[in-house]
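Colleague: First the structure, then my questions, so here it is.
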Amino acid sequence: MNRGPAEKPLQDRAEHTGLDVAELNRIESLSAKCLGAGTVGNVLEWYDFGLYGFLAPLIGAHFFPSSNPIASLLGAYGGFAIGFAMRPIGGMLLGHVGDRLGRRAVLILSIVMMGTATTLIGVLPTYRQVGIWAPILLVVVRLFQGLSVGGEFTGSVSYLIETAPSRWRGLAGSFANIGSEGGYILASALAATTVILLHHHSEAPWIWRLPFLGGGALACLAWLFIRHLSRAGYEPDRRKDVQHELPLKQAFKESPRTLILIMVFTWGYGVLNYLTLVFLPTFASKFGGIDAGDALTVNSVLQLAALAIIPVSGWLTDRFIRRRVLLLTVFALVCLTSVTFFEMAGGSLARFSVAQGSLIVLLFLVEGTAPAMLAEQFSSRYRISGYSVAFNIGIGLGGGTAPLIATALIAPLGKLAGAGYMVACALLSLAALYLMSDRSREPLS
């Protein structure tokens, strides 16, 4: 494999650029502070967003009381779905902020929005205290959470790849998903702790509020970390005479094909994500007789054990394999193995663990590779706007509906219908990837 300009020895590059070696090394080095800034916001966002889902039964009991516990839970999950529905809108609004005011602006704004909304959940009055106003206020807060998460991830990915040297963009972009997975794991752990504490201290029903208030404290720490960043990524020209077109309009005008391809690709990506992490443990308990608690425990432990795959895959695409090639390989494997893994998941706990672990490895390879791959598709002038809308529509609609569609298909098509749906959507991702450009060795535009 021929080495590109970014891979020449440091001394050669210094002579070529006219800089001394020390200065060039500073410019071309990964900044730990920038990596931290792109990671900490996602820890917060996905901790707060996931916490609501993990504590949905408790939220339903306090805000959607009903003699039918299923109705109460449906009310809570309805609020969860509203958050997904707001993600594309949040992507448009916060993408505009990031492309017009700079990357730090969108990172700080999303943290403030999510931290405020999560803290409010922790102090909202319950249905018993204010009646119908309780669920109304909760839904309004969820709207702001959805807006926030719609711009944070894509904004942080854009910031990470723009502040990283070109030879480290894959690794840098992967840190956004390290943050998101870390946030989910943290939310899962604190939700489990909350349930245990409530079981032993039933006389203190306010305990469920503590994890949400903790999200507010986490937001304050994230804000303190981000507000004094030395590297800003792309800095837009803020003169009014050059801002004649909205960034999102520029994206649709200059890159309509890219927008469509990313929407299609992320649909399959979202299905792989939510069928693996959300649906498969439930599938194993319903059709394999595996204890639901055991299945969820295995799911969490395997995610934590496999977390290192995310940065490793990003690094591999910087050094040894192009990003599109790795993604094509992964989705081809998904097509070939999904039915087998779903069959295994319905067997013993050991067979479920192997199936779940294998799919998590494939998913985390995507999570380490896709951020840089997708962000590189757009010009810096409208990168966050275009990336946010395409990504959130694909992930939100494809991933958000995947467990529901897989469940609905079981009755007419059989218990392996979910595997068939995963294969069909993986084929869509393969087609989109085949038509997509690979800019992993090109300068950012």
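Coordinate-derived values only; no laboratory data. As the structure is a computational prediction, the values presented were derived from the model and not from experiment. FYI the Cβ positions are ideal-geometry reconstructions off the backbone, even for glycines, and counts take in every protein chain you see.
Colleague: Specify which labelled value, from (i) 36, 27, 20; (ii) 32, 31, 21; (iii) 41, 26, 21, agrees with semi-axes √(5λ) of the Cα gyration tensor in Å derived from the coordinates of the model shown.
Modeller: So the calculated entry is the one marked (i).
Colleague: Related question: If you rank 335, 34, 425, 220 by fewest surrounding Cβ atoms within 10 Å, what's the result? Write down the numbers at each step before the final one.
Modeller: Details: 335 17, 34 21, 425 26, 220 14.
Ascending number of Cβ neighbours within 10 Å: 220, 335, 34, 425.
Colleague: If you don't mind, another one. Calculate how steeply helix 292-306 sits against the longest principal axis of the alpha-carbon atoms of the chain, using the helix alpha-carbon long axis, and give the answer as 0 to 90 degrees to the nearest 10.
Modeller: Value to nearest ten degrees: 10.
Colleague: Work out the length of the dipole vector of the chain about its Cα centre, built from +1 on the beta-carbon of each Lys and Arg and -1 on the beta-carbon of each Asp and Glu, and round it to the nearest 20 debye.
Modeller: 560 debye
Colleague: Also, quick follow-up: Enter the angle in degrees (range 0 to 90, nearest 10) between the Cα long axis of helix 349-375 and the first principal axis of the Cα atoms of the chain, meaning the one along which they spread out most.
Modeller: 40 degrees
Colleague: For the residues 393, 59, what sequence is obtained by ranking on other C-beta atoms within 10 Å, fewest first?
Modeller: With the sparsest Cβ surroundings first, the list reads 393, 59.
Colleague: If you rank 199, 62, 96 by fewest surrounding Cβ atoms within 10 Å, what's the result?
Modeller: 199, 96, 62
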